[in-house]
Amino acid sequence: MAGKVQGLLIDGQRVPALSGESFATINPATGEEIAQVARGGAADIDRAVAAARRAFENPAWRRMNANDRSLLLYRLADLIEQHADELAVLECLDNGKPWLFTKAVEIEGSIKTFRYFAGWPTKFGGETLPVSPRSGARILNYTTREPVGVAGLIVPWNYPMSMAAWKIAPAVAAGCCVILKPAEQTPLTALRLGELALEAGFPAGVINVVPGFGEAGAALVEHPGVDKVAFTGSTAVGKAIVRGSTGNLKKVSLELGGKSPQIVLADADLDAAAASIAAGIFFNQGQTCTAGSRLYAHASVADELLERIAAHAAAQKIGNGLDDATTFGPLISQEQWDVVSGYVNIGQQEGARVLTGGRRPADQAKGFFFEPTILASAGPDMRVVREEIFGPVLSALTWTDPEELVRQANDSEFGLSAGIWTNDLKTAHRMAEAVKAGTVWINCFNMVDPASPFGGYKQSGWGREHGRAAMELYSETKSVWVNLS
C-alpha cells in the first residue's frame, strides 16, 4: 500500500478528500507507516450524506423487496468469507492483534453477523391491532416498520471489522443507507468492506466510508441530513455525541465504556475461572469494552486463583500478530501505551501491588507492547478499580460479605457486563439479578452472538445491538387507521 493514498468511498467511488489531505495509518507492532489514507472532513461528510440521501430515495433501493435485500447481505457475507485471510491480515497490520485470532473471532464473527441479519428483512414488519374506538366505528388499525433514513455509524479501533458489521448489517437490513466513519487508527478493513459491498451488488451510495478524525465524526453527528447516529466508543465521546445530535433531534444509540466485575465465589472451579478471567482481560490486549478488569475473589480462594491467572499471563506469546505463534499483540498506539503505563503507576502509588507484568516486554524494543498485568491488593476506591483503563490490567480485590460484594460490584458509573463464577445455580441466578449490567455471564465470559441483545446500563450506553433490538434502532413505527364503517 505504500505510496498510494487510500481514498474515501462515497457514492460507489474511491475518491480523495476535498481538502487533498491524507494521514498515515500505523502498524502498532512496528510503529511504521502502512499506508496514507484520505482525511475526510466536513465537506466530505456533506457529499457522503448527499450520496446516502440520493440512494435512500432511489427506487432501486427504496422499493427493493425484502428478499432481495436479504440476498445482498448473504452475498456480502460470502465475499467476506472468501476474503477472510486478506481482511484478517489487514486488521492485524492496522490494529496489531494476532491475525489468526482476528480471522477466527472478528472476521468469522462479522460473517455470522451479516448472515444473521440477512434473515431479518423478510421477518421484520408490523402488526394488526384490536383497537376500541370511543365512537364505536369499525376500524382497521395496523402498524408498519419503515427505515429511519440515513444513518451515521461511528466505530472504534479495538474491533474495527466487527463493530462495522454490528452496525451496517441491521441498518441496511432495515432499509437505511449509511455513512461509516471508522477510527483514524484503523480505517483499512472498513474501506475494503465498502468495496466488497459494491461487489455484492449494493447500489452506490447505500454504504459510504469516510475515514477521518474528530472533525469528521462531529460533522456526521451534527449533520441535519442524518436521521440516526450509532456510536461505539468512550463514554466521554458518547456524551459529546448526544450534545451534537440535538440540532435535528436525530435518533442516537450508544455502546460505551465498561469496568466489568468478575465475581468468584468460594465454590468456583478455579481452573476454569482462571482461564476465562485471563482471557477476559488479556484478549485483544485488554482493549475491549467488556474486559473483566475488576476481579472480586472470595478471600478463601483469592491467592490460589491469582496464581493461576498469573500463570496464564506468563504463558502469553507476545509479538507481531503476523507470527502464527503470537497470542498477545501490541496496544493500538503510543498514546494508549502511555495511558496504560500511567494507570499502573497510579495503582502502585495508591497501594496496589504489581503481581506480574506492568511494563514493556524486554524483548520488544519496537512497537507499543505492554505486558499482561495483575494489580493485587487493590482497594475499591482506587482509580485503577473505578476508571476504565482499556488495557491488559486486572485489578484484584477480595471479599467475604456477599452484600458488600454486590454493593462494590455495582458501585461504578458503568454497567456493561459482569462475570459470575460458582457451582451453586441458585446463587448464580440471584447474583445475576442483583448485578446491574446489560450482560451477565455465568461460568463463562465474553460470549456474544448476533441473536442476543448487547448493551449497557448507566453510563455504558443507550439501546441494544444485535437481535430484533438492533432492527428497531434503525426503524420507525407507523400506525395506520382505516375507517371501515
Given (1) closer than 23 Å to MET447 by Cβ; (2) assigned to a loop (DSSP other than H, G, I, E, B); (3) open to solvent by 30 Å² or more (accessible area, probe 1.4 Å); (4) among the charged types (D, E, K, R), where does ASP271 come up short, assuming only one miss?
(2)
Given (1) surrounded by fewer than 23 Cβ atoms within 10 Å (Cβ to Cβ); (2) in contact with a helix residue (DSSP H, G or I) (Cβ under 6 Å, 6 or more places away or on another chain); (3) in a helix (DSSP H, G or I), number of the condition ALA278 does not satisfy
(1)
For segment 439-473, which residues satisfy the criterion of being under 27 Å from GLY119 (Cα atoms), assigned to a loop (DSSP other than H, G, I, E, B) and open to solvent by 30 Å² or more (accessible area, probe 1.4 Å)?
ASN446, MET447, VAL448, ASP449, ALA451, SER452, PRO453, GLY463, ARG464
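For every residue, the table says whether it meets (1) outside any loop (DSSP other than H, G, I, E, B); (2) open to solvent by less than 40 Å² (accessible area, probe 1.4 Å); (3) closer than 27 Å to TRP99 by Cβ.
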site	(1), (2), (3)
ALA311	yes, no, yes
ALA325	no, no, yes
LEU331	no, yes, yes
GLN336	yes, yes, yes
VAL340	yes, yes, yes
GLY367	no, yes, yes
PHE390	no, no, yes
LEU394	yes, yes, yes
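Within segment 129-236, which strands (runs of 3 or more DSSP E) (wholly inside it) include 2 or more residues that are open to solvent by 10 Å² or more (accessible area, probe 1.4 Å) and in contact with a Lys or Arg (Cβ under 8 Å, 6 or more places away or on another chain)?
Numbers: elements: 139-147, 150-154, 177-181, 207-209, 228-232.
Hits in segment 129-236: 139-147.
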Taking helices (runs of 4 or more DSSP H) that fall entirely within segment 1-82, which contain at least 1 residues that are free of Cβ contacts under 8 Å to residues at least 40 places away in the same chain and open to solvent by less than 60 Å² (accessible area, probe 1.4 Å)?
42-57
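Taking segment 83-108 only, how many residues are surrounded by fewer than 19 Cβ atoms within 10 Å (Cβ to Cβ) and outside any loop (DSSP other than H, G, I, E, B)?
Going residue by residue through segment 83-108, those that are surrounded by fewer than 19 Cβ atoms within 10 Å (Cβ to Cβ) are 83-86, 89, 100, 103-104, 108.
Remaining after also requiring outside any loop (DSSP other than H, G, I, E, B): 84-86, 89, 100, 103-104, 108.
So the count comes out to 8.
Would it be correct to say that ASN423 is among the polar types (S, T, N, Q), on the phi > 0 side of the Ramachandran plot and out of contact with any strand residue (DSSP E or B) (no Cβ under 6 Å at 6 or more places or on another chain)? Can you show your working first?
Details: among the polar types (S, T, N, Q): yes; on the phi > 0 side of the Ramachandran plot: no; out of contact with any strand residue (DSSP E or B) (no Cβ under 6 Å at 6 or more places or on another chain): yes.
The answer is no for ASN423.
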Segment 286-309, residues that are touching a Gly at 6+ places or on another chain (Cβ under 6 Å) and either part of a helix (DSSP H, G or I) or open to solvent by 60 Å² or more (accessible area, probe 1.4 Å) (or both):
GLY286
Within segment 372-383, track down each residue that is surrounded by 22 or more Cβ atoms within 10 Å (Cβ to Cβ) and not in a strand (DSSP E or B).
PRO372, ALA378
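The values are calculated or read from the model by the stated rules, or taken from the named source; none is laboratory data. Remember, predicted model here, so these are calculated numbers, not experimental data. Don't worry about glycine lacking a Cβ; one is built from the backbone with ideal geometry, like all the others, and counts go over all protein chains shown. Protein only, heavy atoms only, side chains kept; ligands, DNA and RNA dropped before computing areas. Shrake-Rupley method; radii C 1.70, N 1.55, O 1.52, S 1.80 Å.
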